[in-house]
Amino acid sequence: MRRDTFLKSLAALAAAGALPNAAWAAGANVKMMIPANPGGGWDGTGRALGEALRDAKVADSVTFENKGGAAGAIGLAQFYNSAKGDPNAMMVMGAVMLGGIITGKPPVSITQLTPIARLTTEYNVFVLPASSPFNSMKDVVEALKKDPGSVKWGGGSRGSTEHIAASQIAQAVGVPAAKINYVPFRGGGEAVAAILGGNVTVGGSGYSEFQQYIESGKMKAIAVTAGQRVKGIDKIPTLKEQGIDVEIGNWRGVYGAPGITPAQRDALTDMIVKATKSKAWQDALVKNNWTPALLTGKAFDEFVDRDFSGLRATMVRAGMV
């Protein structure tokens, strides 16, 4: 068969949906929307996933676009409007975006996109700048009780898991959540700069965003939001063992563009599954202390629905909405 005839036949089969999903994915030029500024958890996740897609040889290239603000709602809106029907477009998202949608009520919701997969889970870590006069969460709580406004909590956008955790900590120690002084940032890089500069009292985010600063002594890690100490970072005490009954986790995942077909969704899912088996992804999990939490298909759809409802209930109890 002549090469041009073969290629035409291949294209016709693809258009008819007769090729297996892997054939659709091979050689893809993926466009990755990261709805946050550089330096944060979504940025790290998106770039690690891009490297894993290349390492698994299911994508020839991956280009990235950062668009931070409003707990990802700005990037979400841009992705919705620019990527409709694009089978090679993806957007990083997670629990923070759900919280931002609940508090901000943006015009575009995550339900208008195509769910692909949950990737990881991670607990939040609270840190102090090295120059802080405080040395523990107990010190922070004592100041919070005396003057709630004097303690500046820095973290992700309104509705982020660290924002929710700060509100829950206040409630747990008898301080109205409405009185906490929370300073939201559009990306992990901004939050890190504010913490290192002493512009906030205490900062919260995933451990991976603070790791190099904790290890170098520029930040003091004082609490993790897990139910028990986390392997690999088990020198950091939980909130519960410090007498604060708060436990909350974060998760991150990826969505596809609106308007893609079920077959195209399956192809993207297949790409993600293969990427998570790559050496590059396994190395990223270890490096960042991420817990693998792959979930796809109907199970992922149902998980997002449950988490949406659970977050809303938690935020109502914390007086955030």
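Against the longest alpha carbon principal axis of the chain, how many degrees, from 0 to 90 and to the nearest 10, is the axis of helix 73-82 turned? Taking the Cα atoms of the chain, the angle to 73-82 is about 10 degrees. Residues in the chain average 43 Å² of solvent-accessible surface per residue, probe 1.4 Å, ligands and nucleic acids excluded. Subtracting the Cα-Cα distance of E215 and S150 from their residue separation scaled by 0.36 nm leaves 20.6 nm.
V246 contributes about 10 Å² of solvent-accessible surface, heavy atoms of the protein only, 1.4 Å probe.
Applying the Karplus relation 6.51 cos²θ - 1.76 cosθ + 1.60 with θ = phi - 60° to region 292-302 yields 3J(HN,Hα) values of x, 8, 4, 8, 9, x, 4, 4, 5, 4, 5 Hz, where x marks Gly and Pro. If you take all other residues with their beta carbon under 10 Å from the beta carbon of S205, and give Lys and Arg +1 and Asp and Glu -1, the sum is -3. Taking the 1.4 Å solvent-accessible surface of the chain as the whole, the part contributed by carbon and sulfur is 52%.
Can you give the angle from 0 to 90° between the axis of helix 3-15 and the longest principal axis of the chain, with both taken from C-alpha atoms, to the nearest 10? For helix 3-15, the angle is close to 50 degrees.
The angle between the Cα long axis of helix 95-104 and the main principal axis of the chain comes to about 70°, on a 0 to 90 degree scale.
Which whole-number percent gives the relative contact order of region 166-321, counting Cα pairs below 8 Å spaced six or more residues apart?
Dividing the mean separation by the residue count of region 166-321 yields 22 percent.
Taking every C-alpha pair closer than 8 Å and separated by at least 6 residues, the mean separation divided by the residue count of the chain gives a relative contact order of 27 percent.
Can you say what percent of the DSSP beta bridges in the chain, counting only those with both residues inside, are antiparallel? Round to 5.
Bridges in the chain that DSSP calls antiparallel: roughly 60 percent.
Taken over the Cα atoms of region 164-307, the convex hull encloses 153 Å³ per residue.
The values are calculated or read from the model by the stated rules, or taken from the named source; none is laboratory data. What you see is a predicted model, and the numbers here were worked out from it, not measured in a lab. Because the Cβ atoms are built from the backbone with ideal geometry, glycine has one as well, and the counts that use them run over all protein chains shown. Only protein heavy atoms, including side chains, enter the accessible area calculation; ligands, DNA and RNA are left aside. Shrake-Rupley method; radii C 1.70, N 1.55, O 1.52, S 1.80 Å.
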